[in-house]
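Participant: Take this structure first; my questions come after.
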Amino acid sequence: MSDATREEKAAALEALRTQAATCRKCELCEGRTNVVFGDGSPDARVLIVGEAPGKNEDLQGRPFVGAAGKYLDELLSIAGLAREDVFIANVLKCRPPGNRNPRPEEIKACADYLRGQTRVVSPEYIVTLGNFATKFILRTECGITRLRGRLQQAGRFKVFPVFHPAAAIYDQAKRPVLEDDFARLGELLA
């Protein structure tokens, strides 16, 4: 959908959002407050992919609105970007109970939504935040620690794996690494 107008892309994303809002493909639908579909620019050059919504995201229905979201906003500014410039989504659209790790069957149930978002937005770069997003997008078992900061290719997309912002909140040693990776992303986009 790369040649579609912004309006066509916005309409296609809205249709996907409507579909996701009534999804019952896995048990996560039972405990959700909101489906956290994703948001941002329908014609973004950069698609940010996280793992799954947390408590704040589930309550507000928007991705990255808690502490990790505030830090993500700072990281985006290091890359010369603002939230409005990118599209932000997660592998899962519903919050796993207690913020546990996504299960393979949940990832499989939600996969078509993220694939649809990727097709519609048609970004130049996909920035994967953490293990689950990286393993899903790159179809690899290789972990984020080995892949972070190294540009990869997945089909026609340039994929840039980085640590999840939450990891740098819990482990301060990851902050300079993550900030350097976002500075590199800014260089790649320049």
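Participant: Amide H of Asp39: which non-local residues (sequence gap of 5 or more, or other chain) have their own amide H closer than 5 Å, using H built in the peptide plane?
Facilitator: Under 5 Å from the amide H of Asp39 lie the amide H atoms of Ile88, each far enough along the sequence or on another chain.
Participant: On the protein heavy atoms, probe 1.4 angstrom, tell me the percent of accessible surface of the chain carried by carbon and sulfur.
Facilitator: Carbon and sulfur together cover 49 percent of it.
Participant: Right, something else. Along the charge dipole of the chain, Cβ charges K/R +1 and D/E -1, which of Leu178, Ile137, Gly149 sits furthest on the positive end?
Facilitator: Ile137
Participant: What percent of all Cα-Cα pairs in the chain falls in each 10 Å bin, counting up from 0?
Facilitator: In order of increasing distance, the bins hold 10, 40, 39, 11, 0 percent.
Participant: Round to the nearest 10 and report in Å² the accessible area of Glu141, as given by a 1.4 Å probe over the protein chains' heavy atoms.
Facilitator: Accessible area, nearest 10 Å²: 150 Å².
Participant: For region 121-168, what size does the Cα cloud have along each of its three principal axes, sorted from largest down, in whole Å?
Facilitator: Principal-axis extents of region 121-168 (Cα, largest first): 28, 20, 16 Å.
Participant: When only C-alpha pairs under 8 Å and at least 6 residues apart count, what is the relative contact order of region 1-81, in percent?
Facilitator: Contact order relative to length: 25 percent.
Participant: Give me P(r) over region 1-95, computed from all C-alpha to C-alpha distances, binned every 5 Å, as integer percentages.
Facilitator: The calculated distribution, bin by bin, is 3, 14, 22, 24, 18, 13, 6, 1.
The values are calculated or read from the model by the stated rules, or taken from the named source; none is laboratory data. The structure presented is a predicted model; accordingly, all values stated were derived computationally and were not measured. Positions of Cβ are backbone-derived with ideal geometry, glycine not excepted, and every protein chain shown enters the neighbour counts. To get the accessible areas, we keep the full protein, side chains included, count just its heavy atoms, and leave off ligands, DNA and RNA. Shrake-Rupley method; radii C 1.70, N 1.55, O 1.52, S 1.80 Å.
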